[in-house]
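Worksheet: one structure, shown below.
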Amino acid sequence: MSTDTALLGDRRLGRSASIQPFAALLGRDLYVTAKEFPVFLAQVILQPLLLLFVFGRILTEIGFARHGYAQVLFPGIVGFTAMLTSIQNTALPLVIDFSGTKEIEDRLLAPLPTTWVAVEKIVFSSVRAIVACVVMFPVGILVLGSIPWRANGVPLLFAVIVLGALVGSSIGLTLGTVVQPQRINLMFALVLLPFTFTGCTQYPWPSLSRLEWFKWLTTLNPLTYASEGMRGALIPSVPHMAPWICLLMLCVSLGVFATTGIRGFLRRAID
């Protein structure tokens, strides 16, 4: 009995000893981001800003999109920002770290388990994505003049943003440990572009009833659940997927991609 108690105490001591270097690693990354905040904003806001401006403002004003379409588009753009920002902020630096700069070796020398290094990557990219989503709200007001908002939807909004960012970071971790540096361009062409346009960012999922095959194809994309969850939080009057389905599928996606991403990270770290 005393041996079991001692082992339990050692495990707790190991966990507590890992928290401080984990926090230090995360704090250093956040500090660097804060110092380069304008550059960070330019990196994460430009693409969703252009999508919002062209689809929500230009096409509406010239009559190619219906009045009110921008209100339907904005929640999808926020979901898109959460996932794409976290994917890019995890995958691209990881590919470079493992191949060119070998900076990852410095992180692996930190006094904490290798798994925690992978988790720090996920958490850090998720924090950046959450910040980008928050910035999108004043950007949306600036571009569109007004955005959908519902105080009662804030808990769902927060949950979808956080889960969407974590899922995106996990997908980025998976891609970053699988894709070779010479195939980064191929990753954008074969993964990120289809990911962007099959995620119900520009259209609500129920509106695809006339394209049944494409409607079910979009269910394979985790971005669909982030976009539809945002619509459920911000503009529930528009037909959308049930929020509980969105939350459930985001949790499932997080479990799948976090597991595959961490395993891939461990494999590359050992190699």
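The values are calculated or read from the model by the stated rules, or taken from the named source; none is laboratory data. Computed from a predicted structure; not experimentally measured. Protein only, heavy atoms only, side chains kept; ligands, DNA and RNA dropped before computing areas. Shrake-Rupley method; radii C 1.70, N 1.55, O 1.52, S 1.80 Å.
Side notes on the structure shown:
- Cα-based helix-to-principal-axis angle, 243-270 vs the chain, degrees rounded to 10: 40 degrees
- Taking every protein chain into account, the accessible area of region 157-271 amounts to 46 square angstrom per residue (probe 1.4 Å).
- The chain - percent relative contact order, Cα under 8 Å, separation 6 or more: 25 percent
- Rounded to whole Å, sorted largest first: equivalent-ellipsoid semi-axes of the chain, Cα gyration tensor: 35, 20, 18
- Principal axis box of region 48-92, alpha-carbon based, largest edge first, Å: 38, 15, 10
- Rounded percent of accessible protein surface that carbon and sulfur make up, the chain, 1.4 Å probe: 68 percent
- Radius ratio Rg over Rh of region 71-172, counting only Cα atoms, Kirkwood formula for Rh: 1.09
- Counting only protein heavy atoms and using a 1.4 Å probe, the accessible area of Arg57 comes to about 90 Å².
- Its Cα gyration tensor gives region 224-271 an equivalent ellipsoid, and the semi-axes of that ellipsoid, as √(5λ) in whole Å with the largest first, are 33, 9, 5.
- Whole-angstrom gap from region 225-271 to region 68-139, using each part's C-alpha centre: 14 Å
- Cα pair distances of region 143-271 binned at 10 Å [whole percent]: 12, 37, 32, 15, 3, 0
- Degrees, to the nearest 10: 222-234 long Cα axis against longest axis of the chain: 60 degrees
- With helices as the sole contributors, the chain gives -24000 deg cm²/dmol at 222 nm; each DSSP H run of n ≥ 4 counts as -39500 (n - 2.57), and the sum is divided by every residue.
- When the Cα convex hull of region 181-254 is projected onto planes of every orientation, the mean area is 5.6 nm².
- Dimensionless Rg ratio for region 43-118, taking C-alpha atoms and the 2.2 N^0.38 Å reference: 1.68
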